[in-house]
1. Any idea which of Glu118, Glu181, Glu136 is modelled with pLDDT of 90 or more, of a type in the set (Asp, Glu) and out of contact with any Phe, Trp or Tyr (no Cβ under 8 Å at 6 or more places or on another chain)?
2. Among the residues of region 27-48, which ones are touching a helix residue (DSSP H, G or I) at 6+ places or on another chain (Cβ under 8 Å), farther than 12 Å from Ala138 by Cα and in a helix (DSSP H, G or I)?
3. Within region 11-31, does at least one residue satisfy the condition of being within 23 Å of Ala154 (Cβ to Cβ), modelled with pLDDT of 85 or more and exposed (fewer than 13 other Cβ atoms within 10 Å of the Cβ)?
4. I'd like to know if region 49-72 contains one or more residues that are aromatic (Phe, Trp, Tyr) and in a helix (DSSP H, G or I).
5. Given the structure, is Tyr108 surrounded by 11 or more Cβ atoms within 10 Å (Cβ to Cβ) and at pLDDT 90 or above?
6. On the basis of being assigned to a helix (DSSP H, G or I), of a type in the set (Ser, Thr, Tyr) and more than 25 Å from the chain's Cα centre (by Cα), does Ser178 make the cut?
7. Of everything in region 16-63, what is farther than 16 Å from Thr111 by Cα, among the hydroxyl-bearing types (Ser, Thr, Tyr) and touching a Phe, Trp or Tyr at 6+ places or on another chain (Cβ under 8 Å)? Give them in sequence order.
8. Looking only at residues that are closer than 14 Å to Tyr45 by Cα and crowded, with 20+ Cβ neighbours inside 10 Å in region 125-145, which one is farthest from the chain's Cα centre (by Cα)?
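The values are calculated or read from the model by the stated rules, or taken from the named source; none is laboratory data. Keep in mind that what you see is a predicted model, and the values were worked out from it rather than measured. We place every Cβ from the backbone using ideal geometry, glycine too, and count neighbours over all the protein chains shown.
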Amino acid sequence: MPLGSHEAHELNELLLSCTNSIQSMALFINQATDPILKSMITRHYDVHVQDYNMKVEYANRFYSQDQLNVPAMPMSSSMPMLGTQQYPPLQPRVQLQQLNDRAIATSYLLTLKRAGREYAWSAFECSTPQLRSFLESAFQMCSHQAYEVWQYMAAKGYYPTAQAPQEVVSSMQQIYKSVPEHQPGQMYS
């Protein structure tokens, strides 16, 4: 099924973005000094190349026989408790020859977040079911990888995190209550 003009424009933007992501990741792999960070980006790299190649297939043939290898969601939570983490100060470096690990992790996380938003938006705009499903998988890939990068950054003190104040949680718990019906749609049958 040929792509609609809207889908073709979205796909073009996603291909440009993916080209940038892959090139940035190659740079990050070469410049990372922390073996954990380098290993994580290297592990993520293959699926980004696969993602790019699948988009090229959609652009050339309007379909892909491949299935995106979406990584599993890391299920451990490592949010540091408020007050237990020291955050090193951050100031943009205006003259540099090499990125440090914090800059690499930050840039990679922001790349994944931006790409994820673009995949989600493009999926909503897509009328070709197979392409829409692929874009949903690509969003899920970015979401899972971004969570893993966030965990790394939080553990290193690169990403400040804090739990919501108990007053906020208590207020929310007082406001919202469960719907008592297990199948509320049956009320309208």
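1. When all the criteria are applied, what remains is Glu118.
2. Phe28, Ile29, Gln31, Ile36, Leu37, Lys38, Met40, Ile41, Thr42, His44, Tyr45 - these are the residues of region 27-48 that are touching a helix residue (DSSP H, G or I) at 6+ places or on another chain (Cβ under 8 Å), farther than 12 Å from Ala138 by Cα and in a helix (DSSP H, G or I).
3. As a first pass, look at region 11-31 and keep what is within 23 Å of Ala154 (Cβ to Cβ): 21, 24-25, 28-29, 31.
Those still in the list that are modelled with pLDDT of 85 or more too: 21, 24-25, 28-29, 31.
This time we only want the ones that are exposed (fewer than 13 other Cβ atoms within 10 Å of the Cβ), so: none.
Within region 11-31, none of the residues are within 23 Å of Ala154 (Cβ to Cβ), modelled with pLDDT of 85 or more and exposed (fewer than 13 other Cβ atoms within 10 Å of the Cβ).
4. yes
5. Criteria met by Tyr108.
6. Judged against the criteria, Ser178 is not a match.
7. Passing the criteria: only Tyr58.
8. Ala138
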